[in-house]
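Below: one structure, written as structure tokens.
The values are calculated or read from the model by the stated rules, or taken from the named source; none is laboratory data. Source: prediction; values computed, not measured. Backbone-built Cβ (ideal geometry, glycine too); neighbour counts: all protein chains shown.
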Amino acid sequence: MIIPAALQSGDTIALISPASQVKHHYIDAATRRLEEWGFRVLKGEHVYDSYGNFAGTAEQRLSDLRKALCNPDVKAILCTRGGYGAVHLLEGITPEEIRRNVKWLIGFSDISALHAAWVRAGIASLHASMAKHLAEEGDDHVVTRYFRDILAGQRPCYHVASHPFNRHGSVSARIVGGNMAVLCGLLRTPYDIFSEGTILFIEDVGERTYKVERMLYNLELAGVLPHLAGLIVGRFTEYDEDPGMRATMYEMIASRVSRYGYPVCFDFPVGHVTDNYPIIEGADVAFTVASQGVTLEF
């Protein structure tokens, strides 16, 4: 897996909106923040557009992505928002194009579809917060600090509190993951990121417990869950627990993976939350779950 080069002051970051439309003031505030850090910002031609729920037509959004990818001056591509729509672009870029133009892709949520394209091409990418976070959180926010450090070439080491459902163990392997619904929608396609011996991290928003359980059964029956090296359960947000399921979200997930022996941690700070820790997709990591807490070292 190729890790894109660290960014230097004066480098160019492209801002594009490859999925849902974005509030303009988030784009403007994120632009100011990046410029304050010493970067040049190149906005996609359609970054402010709207077309129904989307930030422009699929052709317009793909055009902005391909221009940013193929521009040699651009060192990183920051997606302004997820939402829905990134899947429209997958067939418009090839692994060869991504490999010829190695650069950071940054975003999360629906952007997991584009991360899958980068993983398929053998290029690492950055699962991280987008324009809203840069607009609303200060430079002293822990996630913002990690974000800047990674772009500058530093590799983080995260320490997280223990959780009652954690299963102890230690493993070193490649880490992949993202939004569960998006990734399960790509299962058994050319953009399927699930592979034997990897550490998988998952998160989601607005998905009820039974829907997440159905996705886990899908991964189990497809042979994914039995052959992981480890599992990181991030934050599942904006849903109501269903008493009829006879289990909470985390209880259900713990039950579904109880037969496997690899380390598992719960409530890791990744997902649709302010403390969305950046994850380098495709990087090799050391993952340790112990009684005193969880360590994830890149």
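To keep it simple, each residue is scored yes or no on (1) modelled with pLDDT under 95; (2) buried (at least 16 other Cβ atoms within 10 Å of the Cβ); (3) in contact with a strand residue (DSSP E or B) (Cβ under 7 Å, 6 or more places away or on another chain).
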{"site": "Gln21", "(1), (2), (3)": "no, yes, yes"}
{"site": "Arg32", "(1), (2), (3)": "no, no, no"}
{"site": "Ile77", "(1), (2), (3)": "no, yes, yes"}
{"site": "Thr80", "(1), (2), (3)": "no, yes, yes"}
{"site": "Val87", "(1), (2), (3)": "no, yes, no"}
{"site": "Val102", "(1), (2), (3)": "no, yes, yes"}
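Among the residues making up the range 161-190, those that are touching a residue at least 40 places away in the same chain (Cβ under 8 Å) and either hydroxyl-bearing (Ser, Thr, Tyr) or in the same structural domain as Lys75 (by TED's automatic domain parsing) (or both) are Ser162, Ser170, Ser172. Flag set for Ile193, criterion: under 14 Å from the mean Cα position of the chain (by Cα) and in a loop (DSSP other than H, G, I, E, B).
Checked against the criterion of being crowded, with 21+ Cβ neighbours inside 10 Å and free of Cβ contacts under 8 Å to residues at least 40 places away in the same chain, the candidates Phe236, Phe201 yield just one match: Phe236. Taking the criterion of being without any contact (Cβ under 8 Å) to a residue 40 or more places away in the chain, under 13 Å from the mean Cα position of the chain (by Cα) and at negative phi, would at least one residue in the range 246-260 satisfy it? Scanning the range 246-260, I find no residue that is without any contact (Cβ under 8 Å) to a residue 40 or more places away in the chain, under 13 Å from the mean Cα position of the chain (by Cα) and at negative phi, so the answer is no.
Table: residues versus (1) more than 18 Å from Asn179 (Cβ to Cβ); (2) touching a helix residue (DSSP H, G or I) at 6+ places or on another chain (Cβ under 9 Å); (3) not in a helix (DSSP H, G or I).
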| position | (1), (2), (3) |
| --- | --- |
| Leu42 | yes, yes, yes |
| Gly56 | yes, yes, yes |
| Leu62 | yes, yes, no |
| Lys67 | yes, no, no |
| Ala76 | yes, yes, yes |
| Gly82 | no, yes, yes |
| Val87 | no, yes, no |
| Glu96 | yes, yes, no |
| Ile111 | no, yes, no |
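Within the set Ile202, Ile193, Ile123, the sole residue that is of a type in the set (Val, Ile, Thr) and closer than 26 Å to Ile27 by Cβ turns out to be Ile123.
Of all residues in the range 114-167, those satisfying the criterion of being touching a Pro at 6+ places or on another chain (Cβ under 8 Å) and part of a helix (DSSP H, G or I) are Leu114, Ala117, Arg120, Ala121, Val143, Tyr146, Phe147, Asp149, Ile150. Figure legend. Inter-residue proximity from the range 210-227: first residues in the same structural domain as Tyr239 (by TED's automatic domain parsing) and touching a residue at least 24 places away in the same chain (Cβ under 8 Å), second residues among the aromatic types (Phe, Trp, Tyr) and surrounded by fewer than 20 Cβ atoms within 10 Å (Cβ to Cβ), beta-carbon distance below 7 Å, spacing 6+ or different chains. Indicated pairs: Leu225/Tyr260; Pro226/Tyr260.
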